[in-house]
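Student: Sharing a structure below in structure tokens format, with a few things to ask.
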Amino acid sequence: MTCDWQCAQLLVYRWTRLGLALLAILFLVTNDAAVAQRRKPPRRPAPQPVSPMVGKDVRIMRTDGLEIVGKLVKLDLQGVTYLNAGGEQATIALKSISVLTFGEPIKRIDKRFVNDARQALDALGRVNTLVNGNPTFSQYDALVIDARVAVEAFLSKYDDYDDQSDFFDDVRGVLRSYELVRPLWATMQGADRRISLAESAPELAPILRMYPNLRATEYNQNGRYPTDKVIAYVWNRTAQRLRGVRAQLDQLASKAG
């Protein structure tokens, strides 16, 4: 019986130690998990998507008529935030905006440019008015020279306006077209007056380069062209070109500020 009692005590002792060891292990595991949980970095909110319009050019027309241009920073229910030309950030409320557009701001055209261009086109227009009547060669020659002076003065004054190169080319084209008629018309003057020219003639060749469709007209008579008909053809095409240039100028004038 003594052995049974001692054996029971030993068994209880062993189980007690085992229990304490398990409790110690459980405590360590639980404590390590708690520490790891405390050390876990806090969850950060997901970054908000950036609008593809940020950084784009923005043009704001306020309700009071004032126009503002800049780079878009933010657009929300509070208003439009933008960077002005000086790099400063500003916000305008939506209720104060009448028109909001994105993209490259409209380039304003100098009113002086429009006025000077109109004077050059008026000089070309006087040539066009003259040929609608029954002009003499000397009258035509004088007006073409005047037109050249006016056009060259205009072009030299605004030679740094690179964004108007197409308009300048069209103005030059009208002047050049009128100038090409002068040597052609001169062949009809004097005693050796020529009523037709071969297409290889130096007076006619540049006109055919400018107006190649002339070859497909009835004026092409086996490679020869009646001089007066060619002159009338060129004047008609030049009048059309002049109307197109005037239309371009009207569009530019609508942007003048």
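Student: Sort 221-227, 144-150 by the packing proxy (mean of other Cβ within 10 Å over each peptide's residues), most packed first.
Tutor: By packing density, highest mean first, the sequence is 144-150, 221-227.
Student: What are the residues whose amide H is under 5 Å from the amide H of R194, where those residues sit 5 or more places off or on another chain and H is modelled from the backbone?
Tutor: M188, Q189
Student: How far is it, in nm, from the label point at L83 to the one at Q248 when both lie 7 Å from their Cα along the line to the Cβ?
Tutor: 3.5
Student: Sticking with this one: In the structure shown, do any of K71/K255; K56/K157; K71/K95; K74/K111; K157/K255 have a Cα-Cα gap over 26 Å, and if so which?
Tutor: Pairs exceeding 26 Å: K56/K157; K74/K111.
Student: Now for a different question. Roughly how many nanometres apart are two label points built 7 Å out from the Cα toward the Cβ at A216 and K95?
Tutor: Computed distance between label sites A216 and K95 equals 6.4 nm.
Student: When ranked by the protection proxy of mean other Cβ atoms within 10 Å per residue, highest first, what sequence do the peptides 167-175, 72-80, 188-196 form?
Tutor: 167-175, 72-80, 188-196
Student: Under the rule of at least 5 residues apart or a separate chain, name every residue whose amide H is placed under 5 Å from the amide H of G79.
Tutor: Amide H neighbours of G79: L94.
Student: Now, a different point. Quick one: if you take sqrt(5λ) for each eigenvalue of the C-alpha gyration tensor of the stretch 103-256, what semi-axes come out, biggest first, whole angstrom?
Tutor: Its equivalent ellipsoid spans semi-axes of 33, 17, 12 Å.
Student: If one computes the Cα centroid of the stretch 171-192 and of the stretch 73-87, what distance in Å separates the two points?
Tutor: Value for the Cα centre distance between the two parts: 59 Å.
Quick note: the coordinates plus some simple rules give every number you see, no bench work behind them. Since the model is a prediction, treat every value here as computed from it, not as a measurement. Heads up, the Cβs are rebuilt from the backbone with ideal geometry, glycines too, and the neighbour counts pull from every protein chain shown.
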